[in-house]
Amino acid sequence: MSRIEALLGELTSERNAFLAALEAVDLELVTVPGVIEDWSVRDVIVHVAFWAEHATEALKLAAGGRGAEFAYDPAQTDAMNARLFAEARQTIPDAAVEREERAFESLVAALTELDPGLLDVPLGNGHTPAGVVGYDGPEHYREHAGHLRAWFDDEDEVDVDDEPEAADAESPR
């Protein structure tokens, strides 16, 4: 399996898990704040769509020989998310879902068309296309699927990051 196929597989798998978590959402609660602080399900969907679009932009710039123009600064993430939150509040739920679908399809297309030799070429911010796809795609879907499950499932979800690592207790260090 090629790296692009592996990235596509992980992206698709994590998106499917995100969509499965969305199925548990009570439609009457889609715009109610509280999934993540003041964010509603609709806001999270717009957020995930935006970051998939962000990854697509990075891939298109890399493919066009303009990767140096990708200047995303992670220090600006909170400000970007705040602007996005204000935008999401003005979005109807169906439009949020449609945007996420388009964003996912565009990301899949851009990744499928990418020359595999460009996956590790540094972009303008020093990140690589593979890294951007990872953190804006599957990692983001995974993170927010967890938020949705935690808010809407009856069962308590265990956050892997909060569990002590059993391997540490057995480590010879």
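Here, each number is a calculation from the coordinates, and none is a lab measurement. Just so we're clear, the structure is a prediction, and the values are computed from it rather than from any experiment. Quick reminder, even Gly has a Cβ in these numbers, built from the backbone with ideal geometry, and neighbours come from all protein chains shown.
Among the trypsin sites (Lys or Arg not before Pro) in region 36-74, none sits in a DSSP loop with a Cβ that has at most 11 other Cβ atoms within 10 Å. Can you tell me, using C-alpha contacts under 8 Å and at least 6 residues apart, the relative contact order of the chain as a whole percent? About 37 percent, as a whole number.
Using just its DSSP H runs of length 4 or more, each adding -39500 (n - 2.57), the chain gives a mean residue ellipticity at 222 nm of -20000 deg cm²/dmol after division by all residues.
For the chain, a simple Cβ point-charge model (Lys and Arg +1, Asp and Glu -1, everything else neutral) yields a dipole of about 960 debye relative to the Cα centre. Comparing Val25, Gly9, His144 along the charge dipole axis of the chain, the residue lying farthest to the positive side is Gly9, per the Cβ-charge model. Summing charges over all other residues whose Cβ lies under 10 Å from the Cβ of Phe85, with Lys and Arg as +1 and Asp and Glu as -1, gives -2. Size check on region 3-156: the Cα extents along the three principal axes, sorted descending, read 46, 30, 26 Å. Proximity of backbone amide H atoms, modeled 1.01 Å from N, is registered between Trp39 and Gly34 at under 5 Å, excluding neighbours fewer than 5 places apart on the same chain.
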